[in-house]
1. Is it the case, given these coordinates, that B:LEU332 is part of a helix (DSSP H, G or I) and modelled with pLDDT of 95 or more?
2. So which of B:PHE276, B:PHE308 ends up being in contact with an Asp or Glu (Cβ under 7 Å, 6 or more places away or on another chain) and not acidic (Asp, Glu)?
3. Among the listed residues B:LEU34, B:LEU5, which satisfies the condition of being out of contact with any Cys (no Cβ under 6 Å at 6 or more places or on another chain), at pLDDT 85 or above and either away from chain A (no Cβ under 14 Å) or part of a loop (DSSP other than H, G, I, E, B) (or both)?
4. Which residues, counting only those in the stretch A:118-138, are without any contact (Cβ under 8 Å) to a residue 24 or more places away in the chain and under 30 Å from A:ILE26 (Cβ atoms)?
5. With A:ASP238, A:ASP259 as the choices, which residue is acidic (Asp, Glu), without any contact (Cβ under 8 Å) to a residue 12 or more places away in the chain and outside the structural domain of A:PRO37 (by TED's automatic domain parsing)?
6. Residues that are within 14 Å of chain A (Cβ to nearest Cβ), within 30 Å of A:MET48 (Cβ to Cβ) and in contact (Cβ under 8 Å) with a residue 24 or more places away in the chain, at least 3 per element: which helices (runs of 4 or more DSSP H) completely within the stretch B:97-168 meet that?
7. So, A:ALA40, is that one facing chain B (nearest Cβ under 10 Å) and not acidic (Asp, Glu) or not?
Amino acid sequence: MQVLEAQRLRKEFGPLAAVQDVSFTIEQGQVVGLIGPNGAGKTTLLRMLAALLPPTDGTAAIMGMDLCRHPLEIRRRIGYLPDFFNLYNDLTLWECLDFTARAYSVPSDQIPRRIDTVLEYVNLTGKKHDLCRHLSRGMVQRMGLAVLMVHEPDLYLLDEPASGLDPIARINLRNILKRLADEKKTILISSHILHELSEFCTHIAIMDQGRIRYFGSVEQIRELCMPVRILRVRVLGDPQKVPAVLREFPNAAVKDICDTVIRLSVKGGLETAAQLNAFLVGHGVSVAELTEEKKDLEDLFLAISAKENVFS
Amino acid sequence: MANPLIRRYQYSLLRPEQGWIYGVVYVSLVGLILIVNLLFYARQSVLIQQEPWQPFRSLFFQFTVFQCLLLWVLAPSNTGGVIPNLMLQKAYDFLRLLPLSAVQKIVGIVLGRNLLLLSAAAANFLFFAMFGLLGRISWSMLLQIALLLLSVGLFLCLLSLLLSLRSSPKRGNPFLLFLVLFFTFGLPFFPALIYNTQEARDVSFYFWRIPLLIAVSGVLLYFSVWAFLGNRRWFTYEYESLFSWKGAMLFQLLFLLLLFGFFYPYRQAEQHEKIFIGFCIAGLVPVVLLPTGACRTYEKYLELSRGFPTEKMSVFDLFRRSNPVLSVLIYLIWLGFCLAACRLFALSAAPFLLFAGVVFTFYLVWLGLLELTVVFYNTHSKIILLTGFVIVLYLFLSFILSGLFDWDYLSVFSPLGYLVYVSSRYPGEIPLPPVFPNLFLCTAPIIQIFGRYKWMIDTRKALAKVS
């Protein structure tokens with residue numbers, strides 16, 4: 001089911017085109033990481049999708065509803081977390097969530113249970129009677145997510161949720177996001193800190209100078225940008241025999257050998273890896289372990305940058 | 001509470017630990033007023049023989065002042081501070097994202113933010129009524145004053161919220177502004193009120209005589225309705241102008257209808273020509289101001305041009321949706337209404353048409369400068385300084401020159417001077433010379449504006465080709 005469909009979205013601020021002809025779709029359950037350098041247009045794109053900024057041209061449909069025609073209904077169905085925000089400082093966490101739930105028409109009898117659930121989810125149950133102004137930055141960020149979750153939106157739009165957080169707060173936040181991703185929530189999350197996305201994104205969109213340069217699953221983009229996989233093979237016996245054996249296997253080359261572990265670069269997909277395993281075993285190499293060295297988004301991002309020099 | 005925003009303020013303002021503090025402050029203030037009056041009366045009664053009801057009337061006026069401070073100063077400044085404070089706290093996006101209707105947001109902010117004040121005002125109304133009745137003020141007069149207090153308060157709250165939606169967040173709470181406004185415009189209300197309570201005044205409105213305070217409240221309620229509609233529009237369509245085209249024209253028409261009600265009873269008065277031209281000039285105020293309220297921005301033009309068929313797109317398509325066209329329509333409503341009024345006043349239309357023609361040339365200069373600002377603002381934001389300077393010069397230069405050369409007639413080259421000059425000489429003298437400099441002055445802006453329209457259309461065509 002299609003949750004978001006953007007068609008040629010464009011936003012101009014005077015002579016500057018912050019977002020230029022952006023088109024993409026997000027299916028239910030996808031977690032899309034929107035990555036790009038500062039000033040790429042990520043925040044503008046998210047604010048347009050949250051119906052906070054009208055597009056200069058193009059349109060988008062969220063849950064089938066046109067962004068320009070049904071902004072109120074769209075706001076009811078999404079949860080948008082801005083990059084810099086604060087909560088209502090004069091309310092306690094519980095009051096803030098109660099207010100939000102009522103504003104989103106959550107049935108009254110469900111509100112207390114829903115509040116307790118989301119507070120437990122973001123690990124702030126013990127703070128529920130504290131004023132929002134007494135929260136640390138990391139807690140505010142988690143509370144921001146709780147505010148979104150209380151009305152169970154169809155689409156989460158998160159703008160740099162980890163910016164300005166210390167490492168522990170960042171790990172806490174990442175765990176919450178991973179949990180949301182595991183529960184098949186649909187999320188579009190922007191960040192320029194790629195590592196924080198790499199663990200739970202199913203898709204990535206790489207944005208630069210207002211345009212989406214790449215959009216696809218992490219696997220697709222990896223295939224596209226980094227056709228060579230790095231495999232780690234742990235062997236029993238002498239690893240120095242392996243390079244000689246591999247000379248007969250096409251598309252594989254030894255990168256380095258460390259103790260009993262050989263790092264290989266292999267062109268091709270998972271089938272090639274399976275063939276390589278069979279080949280090594282067939283040639284008398286005792287393979288104890290064969291794993292793929294996963295590249296995270298940072299590597300992909302850099303690979304794309306190098307390939308197209310888009311971020312120069 | 002059905003409105004979540006009221007509930008939100010109920011949480012933050014009516015916490016038991018702070019509610020009693022406000023309660024004590026209010027009771028202390030009321031107690032202070034009563035004790036000071038009691039002591040004053042006890043001392044004064046030895047010196048001056050007073051009627052027994054007079055001290056109560058004095059108390060009534062004091063509670064009216066108190067009520068004014070609550071409803072005309074504190075409530076509007078509270079209301080106007082909501083949005084800037086949210087912006088400063090970076091919490092405004094949450095309010096914008098709430099899927100509440102615009103009406104819920106307006107009612108929630110106006111009532112919710114003023115929950116405490118309204119509670120105090122409700123208690124105050126009890127004292128107001130009690131001391132008013134003991135001070136021999138009639139029920140009818142009490143109700144009129146109460147209506148006036150509420151209608152001014154409502155209007156100021158809605159206006160303050162409206163202005164805050166487009167103001168800089170750095171402004172914060174506009175308490176000081178409302179306090180200054182109160183001391184400038186609010187205080188003269190009290191001598192008038194005291195006079196009015198002694199001798200009830202009526203005004204004529206079409207065929208009826210209505211109490212003065214009701215008339216003032218009615219006019220304020222008319223503006224409150226429009227302020228409410230303006231808020232509703234800006235909460236719903238944040239980037240639109242305050243008035244839609246239909247809204248602007250309806251406002252103009254209803255304003256003229258309302259205004260004419262106060263002039264109509266004098267259609268057969270001795271100086272009815274002067275009264276008629278007074279009506280026409282008063283009716284011009286929204287003609288001049290509405291184009292700024294209904295102003296379509298450059299971005300709006302781009303958005304509108306998206307709907308044009310790409311092949312046949314022309315400058316005319318844009319022009320017929322542009323600000324000057326709406327402004328001319330508003331002018332035509334004024335013209336039509338004034339012609340009808342001219343007939344009702346049994347006056348010749350010829351001098352009025354001459355006057356309206358000259359006024360139109362002044363209007364063209366104003367519209368030219370306004371539209372020039374609109375179409376160039378996105379690329380040259382400082383143009384507003386230039387056009388602002390030209391407007392100030394246009395309004396006052398001829399006044400200054402007429403003073404320098406000691407020649408009154410020169411002032412007719414300023415729009416303000418022209419209206420003042422004609423209002424005292426109508427229908428005998430309608431000066432025509434301002435037409436020529438006006439037509440000359442609006443030529444350059446018109447050329448620039450059409451050049452810019454053409455540029456916008458060409459850009460749209462280029463964009464359409466690219467996509």
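The values are calculated or read from the model by the stated rules, or taken from the named source; none is laboratory data. These numbers were taken from a predicted model, which means no experiment stands behind them. Note: ideal-geometry Cβ built from the backbone for every residue, glycine included; neighbour counts use all protein chains shown.
1. On the way: part of a helix (DSSP H, G or I): yes; modelled with pLDDT of 95 or more: yes.
Taking the combined requirement at face value, the residue satisfies it.
2. On the way: B:PHE276 fails: in contact with an Asp or Glu (Cβ under 7 Å, 6 or more places away or on another chain).
The unique qualifying residue is B:PHE308.
3. Working: B:LEU5 fails: either away from chain A (no Cβ under 14 Å) or part of a loop (DSSP other than H, G, I, E, B) (or both).
Only one candidate passes the filter, namely B:LEU34.
4. If the condition is that a residue be without any contact (Cβ under 8 Å) to a residue 24 or more places away in the chain and under 30 Å from A:ILE26 (Cβ atoms), then A:GLU120 is the only one that fits.
5. Working: A:ASP259 fails: without any contact (Cβ under 8 Å) to a residue 12 or more places away in the chain.
Unique residue meeting the criteria: A:ASP238.
6. Numbers: elements: B:102-107, B:115-134, B:139-165.
Because the criterion is at least 3 residues that are within 14 Å of chain A (Cβ to nearest Cβ), within 30 Å of A:MET48 (Cβ to Cβ) and in contact (Cβ under 8 Å) with a residue 24 or more places away in the chain, the helices (runs of 4 or more DSSP H) in the stretch B:97-168 that meet it are B:102-107.
7. Details: facing chain B (nearest Cβ under 10 Å): no; not acidic (Asp, Glu): yes.
So A:ALA40 fails the test.
Here's the yes/no breakdown for (1) within 38 Å of the chain's Cα centre (by Cα); (2) modelled with pLDDT of 85 or more:
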residue: A:CYS225; (1), (2): yes, no
residue: A:VAL228; (1), (2): yes, no
residue: A:ARG234; (1), (2): yes, yes
residue: A:GLY237; (1), (2): no, no
residue: A:GLU248; (1), (2): no, no
residue: A:ALA252; (1), (2): yes, no
